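Since the structure comes first, as structure tokens, the remarks are kept for the end.
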Amino acid sequence: FARPSCAGDAACVRRALLVAAVLAVPATLAAAWLVSAWLRRPAVEMTAVVRRAAAGDESARVLSARRDEVGELARALGDLIAAGRDRIDDLTEDYRRLATVIDHMADGVIITDEPGNVLLINPAACRLLETTGSAALGRPFAAVVRHHALIELWQRGRREGTEQVEAVELSPSLFLQAVLTPFRHGDAAGTIALLQDLT
């Protein structure tokens, strides 16, 4: 058999390299697709679990039997979700205890946000101001207390940023000591009004 002729060794080398490159492209693409699919599946699963956890699904779990870096990431993400859940449970329990204490206080308590809308009002404050929780929540402080001395005290406390204490006569038969305390904690700000029945 006659050997195929080459114009020179350099031409043969170029031809061989070209053939090898053409054959290598499909193999490289196939390998890249397999690696991508291998990495993409756990990423999609973890994303779905995080979204479920963020939506409040307490059954959302990140499970992985893999021993590589992806498995480590999945386990770390699972630990993070579990720690976040525990923190939310602790805060919820703290809030319930605080709400129980405030509800059973003899003194009236009103908490407003920074613009002055009522975030919390306890039964004692509702009784003193002759309102209800459903009617007060979300409304401006001035609209809930409906008394100029309390409104002025609240405005002064916000303006000066200091605690204000004053005896207030709401009616001939009702005397209160009002203690208004502005607060700021991180991004949260507002006022706490304590109404003590002196009658």
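The values are calculated or read from the model by the stated rules, or taken from the named source; none is laboratory data. Note that the structure is a prediction, hence the values are computed from the model and not measured. Positions of Cβ are backbone-derived with ideal geometry, glycine not excepted, and every protein chain shown enters the neighbour counts. Note: accessible area is taken over every heavy atom of the protein model, side chains too, but ligands, DNA and RNA are not part of it. Shrake-Rupley method; radii C 1.70, N 1.55, O 1.52, S 1.80 Å.
Between Leu137 and Ala54, the simple spin-label model (points 7 angstrom out along Cα→Cβ) gives 2.7 nm.
Given the options Leu73, Gly138, Tyr95, identify the residue whose Cα lies farthest towards the positive end of the charge dipole of region 54-138 (+1 on Cβ of Lys, Arg; -1 on Cβ of Asp, Glu). Positive-most Cα among the choices belongs to Leu73.
The residues of region 78-199 expose, per residue, 59 Å² of accessible area to a 1.4 Å probe.
Rounded to the nearest 0.05, the FRET efficiency derived from the C-beta distance between Glu114 and Ala83 at R0 = 22 Å is 0.15. Ser59 contributes an accessible area of around 70 Å² to the protein surface, as traced by a 1.4 Å probe with all chains present.
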